[in-house]
1. Scanning the range 16-51 for residues that are farther than 20 Å from ARG112 by Cα and outside any strand (DSSP E or B), which turns out nearest to the chain's Cα centre (by Cα)?
2. If you scan the range 10-34, which residues turn out to be among the charged types (D, E, K, R), crowded, with 16+ Cβ neighbours inside 10 Å and more than 19 Å from LEU46 (Cβ to Cβ)?
3. Please work out which residue is farthest from the chain's Cα centre (by Cα), limiting yourself to the range 99-112 and to residues that are in a strand (DSSP E or B) and surrounded by fewer than 15 Cβ atoms within 10 Å (Cβ to Cβ).
4. Just name the residue that is nearest to LEU150 (Cα to Cα) out of those in the range 9-38 that are in contact with a strand residue (DSSP E or B) (Cβ under 6 Å, 6 or more places away or on another chain) and of a type in the set (Gly, Ala, Ser).
5. Residues to consider are PHE162, PHE203; find the one that is under 26 Å from TRP55 (Cβ atoms), of a type in the set (Phe, Trp, Tyr), touching a Phe, Trp or Tyr at 6+ places or on another chain (Cβ under 8 Å) and touching a residue at least 24 places away in the same chain (Cβ under 8 Å).
6. Which one is nearest to ASP44 (Cα to Cα) among residues in the range 77-98 that are over 15 Å from the mean Cα position of the chain (by Cα), assigned to a strand (DSSP E or B) and of a type outside the set (A, V, I, L, M, F, W, C)?
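Read-outs throughout are calculated quantities, based only on the coordinates presented, and are distinct from any laboratory measurement. This one's a predicted model, so the numbers in the text were calculated from it and none came from an experiment. Cβ atoms come from the backbone with ideal geometry, glycine included; neighbour counts cover every protein chain shown.
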Amino acid sequence: MDIDVEKHLGAVSRSVSEVEVEGKPARAVTLTRAYETNANDLWDALTNQERLPRWFAPVDGNLEKGGQFQVQGNASGTITACAPPRSFAATWEFGGEVSWIEVTLSPDGPDRTQLVLVHTAPVTPHWAEYGPGAVGVGWELGLMGLALHLSAPDAKFNEDEFNTSPEAKAFMTGSGDAWAEADIASGEDPAQARGAADRAIAFYTGATPPGA
């Protein structure tokens, strides 16, 4: 596939921060990326159930405040806040665990909009094993798919074809390595951060992590 991996990796800013949710330790994984479109179009791409399958996945349910949703083959949750076309928040329920997402859109020049996605996860054994790359790599794949969709709205991103390509492995590895650096910048022990990133990369690419 003809995808500029370095361009898409470089388009995302990443950070990890320590927070508390309901008095318990958690980590906020933040991704920021700008898109060459206005807020209304970007909002529609994020919430229109006819457009979502073209770059993300089919999403069933009621996409308004208080509504419940199900991402096909992935998480379910409840929309906890919704202010079109600026922001929404929801629970993200997967594998018996609950985390939280928040998406905010803001103008970044004429017909250019900045998207900030924050995924807040509790500190659990899963976090210790995979670190921020567990959600970060997956969301970066989604943000790349969104960029491709906005550049060609009538096309559908062929995820199956991409996932077996050399570009996919390069993208997932580059993303995982970048999340290790963001984790270290947040104060995590470098050895722990890099080990977790290696395991997250191995999960996404289907490789065997070093030392396994």
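1. First, the residues of the range 16-51 that are farther than 20 Å from ARG112 by Cα: 16-29, 49-50.
Keeping just the survivors that are outside any strand (DSSP E or B) gives 22-23, 49-50.
On the way: GLU22: 23, GLY23: 25, GLN49: 18, GLU50: 20 Å.
The extreme case among them is GLN49.
2. Restricting attention to the range 10-34, the residues satisfying the condition of being among the charged types (D, E, K, R) are 14, 18, 20, 22, 24, 27, 33.
Add one more test, that the residue is crowded, with 16+ Cβ neighbours inside 10 Å, and what stays is 14, 27, 33.
Matches in the range 10-34: ARG14, ARG27.
3. Pass one, the range 99-112, residues in a strand (DSSP E or B): 99-107.
From what's left, surrounded by fewer than 15 Cβ atoms within 10 Å (Cβ to Cβ): 106-107.
Numbers: SER106: 18, PRO107: 20 Å.
Among those that are in a strand (DSSP E or B) and surrounded by fewer than 15 Cβ atoms within 10 Å (Cβ to Cβ), it is PRO107.
4. ALA34
5. Working: PHE162 fails: touching a Phe, Trp or Tyr at 6+ places or on another chain (Cβ under 8 Å).
Within the list PHE162, PHE203, the selection yields PHE203.
6. Quick first cut of the range 77-98, residues over 15 Å from the mean Cα position of the chain (by Cα) only: 77-87, 95-98.
Retained after the next criterion (residues that are assigned to a strand (DSSP E or B)): 77-83, 87, 97-98.
Restricting the remaining residues to those that are of a type outside the set (A, V, I, L, M, F, W, C) gives 77-78, 80, 87, 97.
Working: GLY77: 20, THR78: 19, THR80: 18, SER87: 12, GLU97: 28 Å.
The selected residue is SER87.
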